[in-house]
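Just so you know, all these numbers are worked out from the coordinates, no wet-lab data involved. Keep in mind it's a predicted model, so treat the numbers as computed, not measured. Cβ coordinates were reconstructed from backbone atoms using ideal geometry, including for glycine residues, and neighbour counts include every protein chain displayed.
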């Protein structure tokens, strides 16, 4: 670890000033910390965290957007005798210490992220873990929102908060070697270099984060945490009285803090939900910090699309004496969907800042290591430093979601003009720039002593490892999409019907044709069969067990695979719920074959019912299916792909009804089928794989095992149907 820094602050504009951090305005509270350090990149964070968790005495709280049980905190050779994988490591800690309780809270993620995450997290982090480990998923937020905090609290005495989740594709060192042999996921697949930061602190600030986690746990699960094993408040106060010796017991001895004995601010974003008002402290803190900055604003962020923050930066660029603004982000967004949404919005905000920059004080950069075969350094950090006065680090991206919709937590250090705190903040920025520019922190300090921020960066740029100037633009084929993708980075929670309306506006009516009568009977049969299945004994005849038995018999026939696909397609077309059909496919035929059958049958059914809707016409479908799904205009015919994906990811109506509505619209068949495939494939693979996992319990039955399987199967199918009905009622 590096040695404590003794840096003379370059700027001192607020000596003795009141704190910029104001509870209820831009922070939840201000609390003292005995030690504070910014950990740069996950290799430092993960190794420090592992060492700290090994010293835990009574509690470990882990909160994350994503958590992977297979993660190796310290890849390669271990320095201890405990398991490498996260779940096994935590189980070993609980086994060694009977007083230790571990609580893990992860986002109950949207199906859109299924391919990016560990499958069956509830099973892998819940069922097979130690009895003193509790794993739960957090779904207590509005539709479209996520739990995005990344927090670990140990013994209410040591806390970590920032942008780094305990999951795949995060571990990396500051070297960001393109060919690093240890930068691999659990499946041994390599991933691109990753840059990120995490704050580490102790004292009352850590205890306050423990309280925040417990409150979130209660809201997510409906039950408070059992604290009977934890020390009492009096014990905490006695612990604080012994100060240095006691704090040394939890703070790792080999970690040199950036500063000691400081006050930290804890800022939150929480959406309005179930009667709770919106909390937008993080957004307000960014706005206040930008307004107060005099000389420089240094930003590192995965995204850069927040409209109010962008407007505030533009206003400062227009000032004749405003600050230099340097934004460091990834060269490109990861994945086609992010590139078509967040990438488009970033380019638009970047263009607006360039227009406002009449004094040449704004620049955007991407860290690079020269030509590395298409690899980039993926910037995932969420950090801002204003002058040498304010440091903000946390989970919040600089996008609209993180300002108002997702659940976020940021930590802020305000110097208030105090030289030693200014020096600590400056040292963090110098370390970050030194990493990106492949120079020493002293080189950065000397350059900033002589020049403004962007001039210093330009002077230090050299070689293959550098900060490459970035000028993102909206490509021509995405120009039309730019006006619409803002709904995916909304400035307020979006209701389901508003999401559909955004992509599927009202269509102009067209008169009924002669074909209406010919195909009307077909549509009525679909509706009647759907009603019979839902409200009559036919529901029992087409039960899960009946479908399984029938599928097994059919599969054994001479034309088994073709017959299975044909029956699946027909059943889906006449409104047998595809959730049930997918589950049967996985249960009977296994993960691989079941996914293939379900996907093929789903696509064939979509094709059939799409053409049924096209033949019926818009007015007929509206009368049969309701107007809520038929707001599809000719104008969106060429941009139907995104619309269909949204409808598949946010299932606001039954599968067949959506297909009929799409066919009656002007959405092209190619976009419809591509959107259906992209939107449904993750869910099909995940559901069939999960169903296949249950087969083992059935083949080796016990009373408890069979009861659990039945309970899970009923819960999954019931939840899927309930969600469809819930979305239908809200639209």
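Would you calculate the separation in nanometres between label points at residue 32 and residue 420, each defined as 7 Å from the Cα along the Cα-to-beta-carbon direction?
That separation, rounded to one decimal, is 1.3 nm.
Assuming R0 = 35 Å, what is the FRET efficiency of residue 611 and residue 188, from their Cβ-Cβ distance, to the nearest 0.05?
0.20
Rounded to the nearest 5, what % of DSSP beta bridges with both residues in the stretch 279-482 are antiparallel?
Percent antiparallel among DSSP bridges in the stretch 279-482 is about 65.
Give me the tail of P(r) for the stretch 279-482 as a percent: Cα-Cα pairs with distance above 21 Å.
51 percent
Using Cβ counts within 10 Å as a stand-in for footprinting exposure, how do 384, 54, 342 rank, fewest first?
Fewest to most other Cβ atoms nearby, the residues stand as 54, 342, 384.
Between residue 331 and residue 79, with labels modelled 7 Å along Cα→Cβ, what's the label distance in nm to one decimal, could you check?
Distance between label points: 3.4 nm.
Using a Förster radius of 51 Å, what is the FRET efficiency between residue 18 and residue 440 based on their Cβ-Cβ separation? Nearest 0.05, please. Don't jump to the answer; show the numbers that get you there.
Numbers: r = 35 Å, r/R0 = 0.69.
Working from the Cβ atoms, E equals 0.90.
How much length would be gained if the chain were fully extended between residue 253 and residue 462, taking 0.36 nm per residue of separation minus their Cα-Cα distance, in nm to one decimal?
Value of the extension gain: 71.6 nm.
So for 440, 573, 69, 402, fewest C-beta neighbours within 10 Å to most, what's the order? Provide the component values of the computation, followed by the final result.
Working: 440 12, 573 22, 69 25, 402 29.
Sorted ascending by nearby Cβ count, the order is 440, 573, 69, 402.
Hey, with R₀ at 60 Å, roughly what FRET efficiency would residue 359 and residue 131 work out to, going by the Cβ-Cβ distance, to 0.05?
Using R0 = 60 Å, I get an efficiency of 0.45.
Just rank 223, 348, fewest to most, by other beta-carbon atoms within 10 angstrom.
With the sparsest Cβ surroundings first, the list reads 223, 348.
Length gain on complete extension for the stretch residue 562 to residue 669, per 0.36 nm per residue less the alpha carbon to alpha carbon distance? Each step should come with its number before you reach the end.
On the way: separation 107, 0.36 × 107 = 38.52 nm, distance 2.36 nm.
Additional length available on full extension: 36.2 nm.
Can you give the extra length, in nm with one decimal, that the chain gains between residue 70 and residue 319 once fully stretched, where that is 0.36 nm per residue apart less the Cα-Cα distance? If you can, show how the numbers build up before the last one.
Numbers: separation 249, 0.36 × 249 = 89.64 nm, distance 5.04 nm.
Difference between extended and current length: 84.6 nm.
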